[in-house]
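One structure below.
Taken together, the values in this text are just the output of simple stated rules run on the coordinates, not laboratory data. Because the structure is predicted, anything quoted here is derived from the model rather than measured. A quick note on method: Cβ atoms are made from the backbone with ideal geometry, for glycine too, and the neighbour counts reach across all protein chains shown.
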Amino acid sequence: MIIDSHCHLDRFYKKGQLDEILQRAVNSDVQKIVAIGTNSDDWKIYQKLTNDYAGKIFYSVGLHPTDIDDNWENVLSEIASYFENNPRPVAVGEIGLDHFHLPKDLDSAKVIKATQVEVFKKQLKIAKKYNCPIVIHSRNSFSECVELIDQNGVDWSKVVFHCFSDGPDEIELLNKRGGRGSFTGIITFKNAQSIRDAAIAQGLDKILIETDAPYLAPEPFRGKPNEPAYLHHTAEYCAKLFNLNINEFTKQATQNTISFFNLNV
Ligand SMILES: [Zn+2]
């Protein structure tokens with residue numbers, strides 16, 4: 001069994017494709033999925049899906065840095081009700097900083113960056129309150145994210161930098177603190193040697209894998225829409241990277257995912 005530890009199911013759901021997507025996932029041994037929230041619209045969908053597909057779909061709630069608008073305070077105020085009603089989220093996320101999608105105008109970029117910091121801090125506080133795992137989105141902002149997490153005193157063992165796209169030096173900084181990275185299909189790309197080095201440096205006992213579908217399809221589907229079934233390719237690739245057979249690798253990655261998110265499986 002493989003678990004997709006980070007996926008955005010809302011698009012499949014809205015297109016009425018969810019059942020076929022889940023069936024194809026199961027056919028590729030991807031039995032369970034953590035649906036990751038980005039905004040209040042998808043939180044609602046994921047709570048319903050977690051209820052309808054109990055034990056198969058789990059979910060997180062968090063306001064993604066590129067989804068922040070003027071209404072963000074109201075949006076954050078909804079998070080508590082998810083943690084206080086069943087089915088509960090397994091994590092806060094994905095939250096963090098995105099310095100990649102910024103406007104060219106420096107003044108507006110500055111304002112957006114400052115708001116991202118404020119929203120990130122508030123959500124770290126929420127995660128601390130519920131003592132739950134935290135899924136970090138960090139794009140061109142690795143050291144800023146690390147610094148804010150340090151400052152806010154959250155338990156680093158509950159922190160995952162999803163779609164880890166930095167290198168071995170950065171993973172070392174996470175290792176030192178007890179945090180970790182999670183790896184998408186990018187690890188299969190030809191030019192991704194530093195990401196492979198980072199995965200090795202982190203080690204098998206902490207590895208998590210994810211699709212981030214519908215984004216970032218692994219080889220041989222690079223550039224096409226991604227789906228949970230394709231996680232199989234990433235798992236096979238990682239098994240080779242760690243010199244294991246596919247069953248040995250998926251057993252470990254699955255165990256890591258269950259214990260990190262505290263999944264009730
Ligand atoms: Zn994502």
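His137 passes every criterion in (1) within 16 Å of the ligand (Cβ to nearest atom); (2) outside any strand (DSSP E or B) apart from (2). Would the range 185-206 turn up any residue that is buried (at least 22 other Cβ atoms within 10 Å of the Cβ), within 14 Å of the chain's Cα centre (by Cα) and not in a helix (DSSP H, G or I)? Within the range 185-206 (the criterion being buried (at least 22 other Cβ atoms within 10 Å of the Cβ), within 14 Å of the chain's Cα centre (by Cα) and not in a helix (DSSP H, G or I)), the answer is no, since none of the residues qualifies. Residues in the range 209-218 include none that are free of Cβ contacts under 8 Å to residues at least 12 places away in the same chain and either among the basic types (Lys, Arg) or on the phi > 0 side of the Ramachandran plot (or both).
Only a single criterion out of (1) among the β-branched types (Val, Ile, Thr); (2) touching a helix residue (DSSP H, G or I) at 6+ places or on another chain (Cβ under 8 Å); (3) away from the ligand (no atom under 16 Å from the Cβ); (4) within 26 Å of Tyr230 (Cα to Cα) is not satisfied by Thr50, namely (2). Test Ser182 against the stated conditions and say whether it is under 18 Å from Ser259 (Cβ atoms), within 16 Å of the ligand (Cβ to nearest atom), buried (at least 21 other Cβ atoms within 10 Å of the Cβ) and of a type in the set (Ser, Thr, Tyr). It is true that Ser182 is under 18 Å from Ser259 (Cβ atoms), within 16 Å of the ligand (Cβ to nearest atom), buried (at least 21 other Cβ atoms within 10 Å of the Cβ) and of a type in the set (Ser, Thr, Tyr).
In the range 146-163, of all residues being of a type in the set (Val, Ile, Thr) and either touching a Gly at 6+ places or on another chain (Cβ under 9 Å) or assigned to a helix (DSSP H, G or I) (or both), the one that is farthest from Val90 (Cα to Cα) corresponds to Val146.
Selection of the range 22-44 for residues being within 16 Å of the ligand (Cβ to nearest atom) and either closer than 23 Å to Ala235 by Cβ or in a strand (DSSP E or B) (or both) yields Ile33, Val34, Ala35, Ile36.
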